[in-house]
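Right, one structure below, let's go through it.
The values are calculated or read from the model by the stated rules, or taken from the named source; none is laboratory data. These numbers were taken from a predicted model, which means no experiment stands behind them. Cβ placement follows ideal geometry from the backbone for every residue including glycine, while neighbour counts extend to all protein chains displayed.
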Amino acid sequence: MNILLACAAGMSTSLLVTKMEKSAEAQGKHHTIWAVSGDEVYQHLDKADVLLIGPQVRYLLPRLRKLGEAKGVPVDVINSVDYGTCNGAEVLKTAEQLAGV
């Protein structure tokens, strides 16, 4: 599964990506997880199975959800507590549930 994360600059989610990758690896799952800025989502959405956006760019949700629907990619905002605590396991679970995996 390909999980795309979006935040303001694509950097604040890098630690979360690492935590999600470690959680997936511990569960024997082979997901591709990467982060980009909100402005770059359009260039990456075709490769994603799910898009999660950081709480700090929640205002992008309506536009990105519409884009995701057009491409068949579910879109949602990452839980702010899970994001703030870098709870990779929970964010991974959210992505999998959103994608129906």
- Can you find even one residue in the stretch 65-77 that is within 14 Å of Thr13 (Cβ to Cβ) and either modelled with pLDDT of 95 or more or touching a Gly at 6+ places or on another chain (Cβ under 9 Å) (or both)? yes
- Query: Scanning for something in contact with a strand residue (DSSP E or B) (Cβ under 7 Å, 6 or more places away or on another chain) and small (Gly, Ala, Ser), does the stretch 74-95 turn up at least one residue?
  - Reply: yes
- Report yes if Ala6 is crowded, with 20+ Cβ neighbours inside 10 Å, in a helix (DSSP H, G or I) and among the small types (Gly, Ala, Ser), otherwise no. no
- Where a residue in the stretch 45-65 is touching a residue at least 24 places away in the same chain (Cβ under 8 Å) and part of a helix (DSSP H, G or I) and its partner, wherever it lies, is polar (S, T, N, Q) and surrounded by fewer than 19 Cβ atoms within 10 Å (Cβ to Cβ), with Cβ under 6 Å and at least six apart: Lys47/Asn2; Pro55/Ser80
- Query: Does the stretch 39-54 contain any residue that is surrounded by fewer than 17 Cβ atoms within 10 Å (Cβ to Cβ), modelled with pLDDT of 95 or more and under 15 Å from Leu15 (Cα atoms)?
  - Reply: no
- Can you name the residue in the stretch 66-79 that is touching a residue at least 24 places away in the same chain (Cβ under 8 Å) and more than 12 Å from the chain's Cα centre (by Cα) and, of all such residues, is surrounded by the fewest Cβ atoms within 10 Å (Cβ to Cβ)? Lys71
